[in-house]
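S.K.: Dropping a structure here in structure tokens format, bear with me for questions.
Please treat every number below as a calculation from the coordinates, not as lab data. Source: prediction; values computed, not measured. Cβ placement follows ideal geometry from the backbone for every residue including glycine, while neighbour counts extend to all protein chains displayed.
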Amino acid sequence: MHCCMWRISMMAALLLTTITRVSAQKTPEYIFPTIPFNEEETAKQMEDGHATIAGLAKLKKKGRTFYPWQGDRILLFPVTPYLTEMLELQKKYRKGKKIASMDNKAYSYHIEGRVQDENGHFEFRDLKPGKYYIVTWIDYEKQYEYKVQTGRETAYNGYGEVLYSTPTYIWCTQKYAVEQEVSGIIEVTGDGRMSAEISN
């Protein structure tokens with residue numbers, strides 16, 4: 001009976017420790033721009049126009065070029081003082097305990113498009129002249145090598161004595177997918193079709 005009670009107490013203590021550790025892992029603190037979001041001006045910028053951005057998104061890594069998948073999301077935001085401050089905050093707060101972000105209202109003023117093919121082409125139509133921030137995310141493959149000990153190589157003399165013993169290794173390659181944001185600010189100066197490119 002005492003042994004059983006001791007086990008129950010130990011399990012309760014372990015459970016409490018686990019809950020404490022989970023609760024100690026705080027969610028990140030979101031940092032928002034201090035400039036007020038001007039909804040009226042942003043809505044005016046988002047009105048239909050007569051310009052088209054025909055663009056290309058790509059990512060270059062170690063001599064290789066990667067493109068987003070066909071059908072991947074690509075977003076367009078009008079460039080406003082609020083967005084400009086958010087992009088500056090992103091340079092400082094991108095990972096860790098603090099992350100730069102936009103509030104829901106400001107984020108809602110965007111156009112969501114889709115990448116048209118496997119070569120990263122996209123298109124946004126019916127735009128007014130002005131500056132636009134375009135962003136998407138591209139997957140690419142990273143790898144690293146490491147060695148694993150598989151045994152030992154031992155040499156003996158004619159009397160059965162060990163002359164030397166050295167570990168033997170094999171080299172392994174670990175590959176994994178990484179997602180990176182690519183973005184750019186494109187200025188539309190007039191009506192018609194214009195070409196643009198966003199990359200890292």
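S.K.: Along the Cα-to-C-beta direction of residue 150, a point sits 7 Å from the Cα; which residues of segment 157-176 have their amide N less than 15 Å from that point?
M.R.: Within reach of a label on residue 150: 167-173.
S.K.: Also, I was wondering about something else. Mind checking the angle between helix 81-92 and the chain's longest principal axis? C-alpha axes, 0 to 90 degrees, to the nearest 10.
M.R.: That helix lies at roughly 20 degrees to the long axis.
S.K.: Further, regarding this structure: As an exercise, take the mean of 1/r over every pair of distinct alpha carbons in segment 28-198, invert it, and state the Kirkwood radius in angstroms.
M.R.: Values: mean 1/r = 0.0508 Å⁻¹.
Kirkwood hydrodynamic radius for segment 28-198: 19.7 Å.
S.K.: What do you get when you divide the Cα radius of gyration of segment 63-124 by 2.2 N^0.38 Å, with N the number of residues?
M.R.: 1.36
S.K.: Also: Output the 0 to 90 degree angle, nearest 10, between the alpha-carbon long axis of helix 2-24 and the longest principal axis computed from the alpha carbons of the chain.
M.R.: Helix 2-24 and the main axis of the chain meet at about 30 degrees.
S.K.: Ok, one more. Which peptide among 109-115, 36-42, 145-151 comes first, and what is the full order, when sorted by highest mean count of other Cβ atoms within 10 Å?
M.R.: 109-115, 36-42, 145-151
S.K.: Could you work out the percent of alpha carbon pairs in segment 27-86 separated by over 17 Å, rounded to a whole number?
M.R.: Considering segment 27-86, 64 percent of its Cα-Cα pairs are separated by more than 17 Å.
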